[in-house]
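I have placed the structure first, in the form of structure tokens, so that the comments after it can refer back to it.
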2 protein chains.
Amino acid sequence: MLRGGTFNLLVGGPKANWPADFAENIVGPWIGVDRGTLRLIDNNVQPVAAIGDFDSLAAPELQRVRRNVKDIRQSQPEKDFTDTQMAVSVAFNDYAAERVDIYGATGGRIDHFLANLFLVLEPQFKAYASQIRLIDKQNTISFYLPGHYTLEKEPDKNYLAFIPLTPIDHLSLINEKYQLHNEPIPYPISFASNEFVGKTGEFQFDTGLLCVIQSCDTYEARHE
Amino acid sequence: MLRGGTFNLLVGGPKANWPADFAENIVGPWIGVDRGTLRLIDNNVQPVAAIGDFDSLAAPELQRVRRNVKDIRQSQPEKDFTDTQMAVSVAFNDYAAERVDIYGATGGRIDHFLANLFLVLEPQFKAYASQIRLIDKQNTISFYLPGHYTLEKEPDKNYLAFIPLTPIDHLSLINEKYQLHNEPIPYPISFASNEFVGKTGEFQFDTGLLCVIQSCDTYEARHE
């Protein structure tokens with residue numbers, strides 16, 4: 001059984017928001033979440049595990065899931081934990097994942113996206129916050145607990161955003177284009193469209209949880 | 001000069017997430033935010049006002065904006081307020097809007113989306129929270145300050161989500177499929193995939209700010 005390293009999750013958001021050629025370009029084992037499992041199989045990826053109630057799958061689709069995935073965890077349609085939460089737990093607890101990258105989390109239903117964005121605020125996941133990312137074709141979303149950090153710029157991303165998801169004390173953006181110095185942040189806010197100066201950006205804060213997004217515009221955003 | 005009623009804003013998110021035929025189907029005056037202004041004109045909508053730095057527009061594009069819009073507020077590219085914030089202020093303060101519906105807020109850069117989602121938490125906009133909505137083809141996002149409410153189901157939406165954006169006291173979901181009773185909510189969380197039982201849903205809470213989303217799956221989400 002595969003253990004350690006980065007595990008990738010595919011959840012149910014629209015294909016249009018996936019990174020290009022993600023099935024070929026992204027290394028590491030995949031876990032399918034509900035219909036995401038079928039989409040992985042359709043993209044010639046054999047998931048190591050699948051989590052979901054699978055109640056939206058037709059019988060032949062469910063057959064394909066059963067033939068292609070060894071470790072299937074069938075959840076109840078009405079339950080206290082979402083399939084994505086279960087999949088994140090399985091990755092960290094059963095597969096000893098060091099990082100979990102979640103794809104398919106954006107672009108469709110906003111209640112689903114926000115459930116994934118706010119997942120790291122829940123007590124059972126908070127300790128894993130810095131090991132969880134949400135990734136789509138324009139955005140890499142990461143999470144930080146209090147501390148001092150040096151972040152590396154992703155080559156294809158131009159914009160950098162700092163987004164306290166809780167009140168935060170003493171937020172400092174040290175060497176970015178727009179800086180802050182020991183700022184108290186009383187409520188969630190998106191400090192969007194900041195930029196790296198050079199290849200890295202330093203920041204620090206004392207309490208709460210900070211979301212950081214590296215993003216780029218698409219051709220369509222500039223020209224459509 | 002038009003005053004009162006609902007004002008619609010078009011901001012810069014991808015067309016793919018706009019409601020179908022929105023330019024024909026949505027009544028009321030439009031305000032364009034930056035490149036959104038040009039997109040309105042391209043869809044045969046004459047905006048009553050336009051807000052933006054317009055620095056991404058080519059000279060002939062800027063000409064078209066100038067020819068088509070009487071009330072143009074040119075913002076500075078590096079400023080303390082976003083163009084969307086300025087547009088919301090203009091709608092409420094200068095046009096006496098009773099409601100502001102924001103389109104084009106989803107689907108692209110997540111830092112932009114979250115800036116729009118969290119806008120109602122800022123002191124200058126909080127009092128307007130219940131008059132602001134974000135709307136795309138799958139989601140109607142509304143905001144509530146403490147109180148007791150009866151919400152009407154939108155005919156084309158199946159799902160209902162309750163999303164405290166701050167800590168909230170005594171959250172009760174009174175007659176929805178999944179109920180809560182005087183629940184204390186300590187951090188932002190998305191209670192997704194709830195449903196109406198009948199045509200209305202009652203809820204109440206004592207402190208903080210609650211986001212409510214009515215949403216639907218797309219054909220693609222179920223079958224692609």
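Summary table below
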{"quantity": "Whole-Hz ³J(HN,Hα) from phi, Karplus 6.51 cos²θ - 1.76 cosθ + 1.60, for the stretch B:187-202, glycine and proline x", "calculated": "8, x, 8, 10, 7, 8, 6, 7, 9, 5, 10, x, 9, 9, x, 9"}
{"quantity": "Fraction of beta bridges assigned by DSSP in the protein assembly as shown that are antiparallel (%, nearest 5)", "calculated": "60 percent"}
{"quantity": "Amide H contacts of B:Ser193 (H built 1.01 Å from N, under 5 Å, at least 5 apart or other chain)", "calculated": "B:Leu160"}
{"quantity": "Euclidean distance between Cα centres, the stretch B:95-136 to the stretch A:111-139, Å", "calculated": "22 Å"}
{"quantity": "Contact order normalised by residue count of chain B, Cα under 8 Å, 6+ apart, percent", "calculated": "18 percent"}
{"quantity": "Other-copy label distances relative to A:Phe81, 7 angstrom Cα-Cβ extension, nm", "calculated": "4.6"}
{"quantity": "Area projected by the alpha carbon convex hull of chain B, averaged over all directions, nm²", "calculated": "13.1 nm²"}
{"quantity": "GNM result for chain B, Cα springs below 10 Å: residue of B:Thr82, B:Thr166, B:Thr150 fluctuating most strongly", "calculated": "B:Thr150"}
{"quantity": "Proxy reagent accessibility, fewest Cβ within 10 Å first, across B:Val197, A:Val88, A:Val27", "calculated": "A:Val27, B:Val197, A:Val88"}
{"quantity": "FRET efficiency, 1/(1 + (r/R0)^6) with R0 51 Å, evaluated for B:Arg3 and A:Asp21 via beta carbons", "calculated": "0.50"}
{"quantity": "Residue among A:Thr106, A:Pro29, A:Thr207 farthest towards the positive dipole end of chain A, charges placed on Cβ", "calculated": "A:Pro29"}
{"quantity": "Label spacing, shortest first and in nm, from A:Gln63 to its equivalents in the remaining copies (7 angstrom along Cα→Cβ)", "calculated": "6.3"}
{"quantity": "Phi to ³J(HN,Hα) by Karplus 6.51 cos²θ - 1.76 cosθ + 1.60 over the stretch A:168-181, Hz, x for Gly, Pro", "calculated": "9, 9, 6, 7, 10, 9, 8, 9, 8, 4, 10, 10, 10, 10"}
{"quantity": "Antiparallel %, DSSP beta bridges [both residues in chain A], to 5", "calculated": "60 percent"}
{"quantity": "Fully extended contour minus Cα-Cα distance, from B:Arg66 to B:Glu152, at 0.36 nm per residue", "calculated": "26.9 nm"}
{"quantity": "A:His181-A:Thr218 pseudo-label distance in nm [points 7 Å out on the Cα-to-Cβ vector]", "calculated": "4.1 nm"}
{"quantity": "The stretch B:122-132 - phi-based ³J(HN,Hα) in whole Hz, Karplus 6.51/-1.76/1.60, Gly and Pro as x", "calculated": "6, x, 6, 10, 4, 5, 8, 3, 6, 9, 10"}
{"quantity": "Unit Cα scatterers, Debye sum, the stretch B:1-118: log10 I(q)/I(0) for q = 0.09, 0.10, 0.14 Å⁻¹", "calculated": "-0.21, -0.26, -0.52"}
{"quantity": "Most fluctuating residue given options B:Ser142, B:Ser56, B:Ser130, as computed from a GNM of chain B linking Cα atoms under 10 Å", "calculated": "B:Ser56"}
{"quantity": "For B:Trp30, A:Trp18, order by how many other beta-carbon atoms lie within 10 Å, fewest first", "calculated": "A:Trp18, B:Trp30"}
{"quantity": "Residue of B:Gln76, B:Gln85, B:Gln204 that the Gaussian network model of chain B assigns the largest fluctuation, springs spanning Cα pairs under 10 Å", "calculated": "B:Gln76"}
{"quantity": "Fewest-first sequence of B:Tyr159, A:Tyr103 by Cβ atoms within 10 Å of each Cβ", "calculated": "B:Tyr159, A:Tyr103"}
{"quantity": "Separation in nanometres of the label points that stand 7 Å from Cα toward Cβ, at B:Asp42 and A:Glu122", "calculated": "4.0 nm"}
{"quantity": "Test item: B:181-191 mean partner chain Cβ contacts at 10 Å", "calculated": "4"}
{"quantity": "Antiparallel bridge percentage (DSSP; both residues within the stretch B:22-144; nearest 5)", "calculated": "20 percent"}
{"quantity": "The stretch B:129-184: C-alpha gyration tensor shape, a/c 1.5 cut-off, then a/b vs b/c", "calculated": "oblate"}
{"quantity": "Protection proxy ranking of A:111-118, B:185-192 - average other beta-carbon atoms within 10 Å, highest first", "calculated": "A:111-118, B:185-192"}
{"quantity": "Anisotropy class of the stretch B:143-223 from Cα gyration tensor, a/c 1.5 cut", "calculated": "prolate"}
{"quantity": "Other protein chain Cβ atoms within 10 Å, averaged over every residue that makes up A:157-167", "calculated": "3"}
{"quantity": "Cubic angstrom per residue, convex hull over Cα atoms of the protein assembly as shown", "calculated": "144 Å³"}
{"quantity": "Peptide B:117-124, shielding by other chains (average Cβ, 10 Å cutoff)", "calculated": "3"}
{"quantity": "Anisotropy class of the stretch B:1-66 from Cα gyration tensor, a/c 1.5 cut", "calculated": "oblate"}
{"quantity": "Largest-first principal axis extents, alpha carbons of the stretch A:56-141, Å", "calculated": "37, 29, 26"}
{"quantity": "Proximal lysines relative to A:Lys15, as straight alpha-carbon distance under 28 Å, when same-chain residues fewer than 8 apart are discounted", "calculated": "A:Lys70, A:Lys79, A:Lys137, A:Lys153, A:Lys157, B:Lys15, B:Lys137, B:Lys157"}
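Laboratory data are not the source of any read-out in this text; all were calculated from the coordinates shown. All values reported here derive from a predicted model rather than from experimental measurement. Heads up, the Cβs are rebuilt from the backbone with ideal geometry, glycines too, and the neighbour counts pull from every protein chain shown.
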